[in-house]
Amino acid sequence: MRPVSLTYSGTVGAPIDRVFALITDPARMPEWLPSCRAVTPAPKLTGKGDGRRVDAEIEIIEYTPPHNYGWVEIRRRKGSRTYIHLQFQGGATKITMKYVWEPAGLRAWLLGQFYRRRDVHRMFDSLLQNLRKVLTR
């Protein structure tokens, strides 16, 4: 199946260096990333569960200060990639988020056409609102 790619853009009223510093600081991810409760370094995986709920595990795949940041999900939505591109826009920063997902089969693709598009749009709106709130404190 071909990858499904969704792109959303918005503006935050803060300088690009402050926005980049916020989104690349793992300790501050729960402040702006929707549904993120905590960020911890990945322990050595043994294949046995330890009773904790792990929603996602990510690996950073793109880091180009102060413009690009991206990650791939290793667990849960395996292979899903999220890219964030920042552009200077006067005293503000334009944020473009691109979400790329490769469905495992036809059924996954059909379900993804309905659920993922709606969920990604909702996540981006929440992400943008959270960034605005954190950066204007």
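Details
- Candidate set: the stretch 75-121, residues that are basic (Lys, Arg) and touching a residue at least 60 places away in the same chain (Cβ under 8 Å); chosen: the one surrounded by the fewest Cβ atoms within 10 Å (Cβ to Cβ): ARG117
- Just so you know, in the stretch 10-59 the residues that are assigned to a loop (DSSP other than H, G, I, E, B) and hydroxyl-bearing (Ser, Thr, Tyr) include one that is modelled with the lowest pLDDT, and it is THR46.
- The condition (being more than 13 Å from the chain's Cα centre (by Cα) and either modelled with pLDDT under 85 or small (Gly, Ala, Ser) (or both)) is satisfied by just one residue among LEU135, LEU110, LEU86: LEU110.
- Meets criteria (within 17 Å of ASP25 (Cβ to Cβ), in a strand (DSSP E or B) and of a type outside the set (Phe, Trp, Tyr)) for ILE95: yes
- ARG75 meets each of the listed conditions (1) in contact with a strand residue (DSSP E or B) (Cβ under 6 Å, 6 or more places away or on another chain); (2) at pLDDT 80 or above apart from (2).
The values are calculated or read from the model by the stated rules, or taken from the named source; none is laboratory data. Given the structure is predicted, the values throughout are model-derived calculations rather than measurements. Cβ atoms come from the backbone with ideal geometry, glycine included; neighbour counts cover every protein chain shown.
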